Amino acid sequence: MSLSPQTEDALLEQKIAAVVHQILQREGDQIFGEKIAAFVQENERRARELALMERVVRVEEELRALREIQIAHFNAAEKRFEASEKRFDALHREMTARFEAMDKRFEALQREMTARFEAVDKRFEAVDKRFEALQREMSARFEAVDKRFEAMERRFRFQEWMIGGGVTLIMAFLSLLKIFS
């Protein structure tokens with residue numbers, strides 16, 4: 001049985017169409033699979049980038065909040081140092097006033113005693129030697145007191161320098177912290 005050439009061409013055409021259809025379907029599935037995988041991979045990469053950007057934004061906001069808290073702490077510390085400095089100044093003024101008052105009292109006491117000794121000298125010349133010895137003794141005591149006050153004054157000067165140096169170091173440290181934060 002022989003088929004007409006048109007029929008054979010039609011059958012051949014159908015077979016070719018079926019083979020082409022199968023090839024296209026297989027290749028299309030493979031190409032679509034690759035394209036879909038690439039699309040999914042690209043979207044996952046973009047999602048990770050967006051997540052990272054969101055995390056960066058959150059970290060920057062947290063850093064900004066921490067910086068504001070740190071500035072508030074530094075301002076509070078600075079106010080406390082200023083208050084301490086004012087208290088030290090007031091204490092220094094008070095101590096200076098007390099020492100001046102003590103000096104005045106000692107000077108007044110010395111003037112009073114000198115006046116009394118002169119009166120005693122006028123009345124009792126016989127007791128003059130005794131009072132001179134007493135005055136020498138009192139002068140020695142006053143010198144000892146003066147030495148004690150000089151030693152105390154040196155200590156207070158040393159403390160003033162130490163306090164001033166400490167406050168200076170603390171202020172320098174705070175300035176450095178403020179500069180590098």
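None of the figures in this text is laboratory data; all of them are computed from the coordinates on show. The structure presented is a predicted model; accordingly, all values stated were derived computationally and were not measured. Counting neighbours? That spans all protein chains shown, and the Cβs are built from the backbone with ideal geometry, glycine included.
Projecting each Cα onto the charge dipole of the range 21-153 (Lys/Arg +1, Asp/Glu -1 at the beta carbon, about the Cα centre), which of Asn75, Ala37, Leu134 comes out farthest on the positive side?
Of the options given, the answer is Leu134.
At a Cα cut-off below 27 Å, give the lysines reachable from Lys129, other chains included and same-chain residues fewer than 8 away excluded.
Result set, ordered by chain and number: Lys147.
Kirkwood Rh and Cα-based Rg: tell me the resulting Rg over Rh for the range 5-180, rounded to two decimals.
Result for the range 5-180 is an Rg/Rh of 1.82.
What angle do you read, to the nearest 10 degrees and between 0 and 90, between the alpha-carbon axis of helix 128-180 and the longest principal axis of the chain?
With rounding to tens, the tilt is 10 degrees.
Report ³J(HN,Hα) in whole Hz for each residue of the range 18-30, in order, from the Karplus equation J = 6.51 cos²θ - 1.76 cosθ + 1.60 where θ = phi - 60°; Gly and Pro get x.
Each residue of the range 18-30 in turn: 5, 5, 4, 4, 5, 4, 5, 5, 4, 5, x, 4, 5 Hz.
Relative to the Cα centre, what is the charge dipole magnitude of the range 1-112, using +1 at the beta carbon of each Lys and Arg, -1 at the beta carbon of each Asp and Glu, and rounding to the nearest 20 debye? Display every interim value, and only then the final one.
Values: 19 positive and 23 negative charges, 180 e Å.
Its charge dipole is roughly 860 debye.
Straight-line reach from Lys178: which lysines have Cα under 25 Å away, leaving out those fewer than 8 places along the same chain?
Lys79, Lys86
From a point 7 Å beyond the Cα of Phe81 in the direction of its Cβ, which residues of the range 53-74 have a backbone N at a distance under 11 Å?
74
Tell me, what HN-Hα J-couplings in whole Hz come from the Karplus equation 6.51 cos²θ - 1.76 cosθ + 1.60 at θ = phi - 60° for each residue of the range 87-99, using x for Gly and Pro?
Each residue's phi maps through the Karplus curve to give 5, 5, 4, 5, 5, 4, 5, 5, 5, 4, 5, 5, 5 Hz.
Which loop-located chymotrypsin sites (Phe, Trp or Tyr not before Pro) does the range 113-181 contain, where loop means any DSSP state but H, G, I, E or B and the Cβ has at most 15 other Cβ atoms within 10 Å?
Phe124
Using the basic label-point model (7 angstrom from Cα toward the beta carbon), what is the Leu50 to Leu174 distance in nanometres?
Inter-label distance under the simple model: 4.8 nm.
Residue by residue, what Karplus-based ³J(HN,Hα) values in Hz, rounded to whole numbers, does the range 37-43 have, using 6.51, -1.76 and 1.60 with θ = phi - 60° and x for Gly and Pro?
Ordered by residue, 3J(HN,Hα) equals 4, 5, 4, 4, 4, 5, 5 Hz.
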